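Where a number appears in this text, it was derived from the coordinates with a stated rule and is not lab data. Everything numeric here is computed off the predicted structure, so don't read it as measured data. As a convention, Cβ positions derive from the backbone with ideal geometry for all residues, glycine included, and neighbour counts pool all protein chains shown.
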Amino acid sequence: MPVSRPVLRSLLVVGLLVGGVLAAVGGLALRAPGVVAVGVAGLLAGLTAAAIAHDAPAHTLRATVEAGALATAGTVGALLVVSGMAVLLGAPVTVGLLAAVLLAGLLRCGRRSGGAASAARPPTLVPTLTLVVEPATLDELERRDPRGFVRWISEGPLPGSDPAEYVRGGPASGTEAA
């Protein structure tokens, strides 16, 4: 049974509020070494994501910066939420909840994967960078050939499918490759 948009939005707002409270508690509970560790982890995640986005075939400065900022914010936020959970719920409950979330993510990735496309590209547990890079790529494909892009999308593209046969009449080479 599908869930209506207002219910999903309400759950999202409640989740963000709870996450914000947990992050605030976690941030206040950390001592200086913990704050430094969270900052360094965020910096490393941001730099890694920016480097990966920069190496993408159709990279732009905006996509690179967005990937880095999103990875930094996500990492810092997640670590502060975990810290807040540990303070309020205790370490054993926090570890149990994190294990359950990780297991659910692995099961969901396993259910999504299947067929030849999954053999070529292993499932990822961190879809954040993919979500940042892929919209930029899709925007570029749509900008280059709007009609071909619509044809590709209307056929219901599968993950890992190649839009080259729809966009600009075929595969491009060199710097024009999509």
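Any chance you could get the radius of gyration and Dmax over the Cα atoms of segment 8-124, in Å?
Just the Cα atoms of segment 8-124 yield Rg and Dmax of 16.9, 48 Å.
How would you order 8-15, 67-74 from highest to lowest mean count of nearby Cβ atoms within 10 Å?
So the peptides 8-15, 67-74, ranked by packing, come out 67-74, 8-15.
What ³J(HN,Hα) values, in whole Hz, does the Karplus curve 6.51 cos²θ - 1.76 cosθ + 1.60 give for segment 145-153 when θ = phi - 60°, with x put for Gly and Pro?
8, x, 5, x, 4, 5, 4, 5, 5
Just the number: Rg to Rh for segment 14-62, Cα atoms, Kirkwood Rh, two decimals.
Using only Cα positions, Rg/Rh for segment 14-62 is 1.18.
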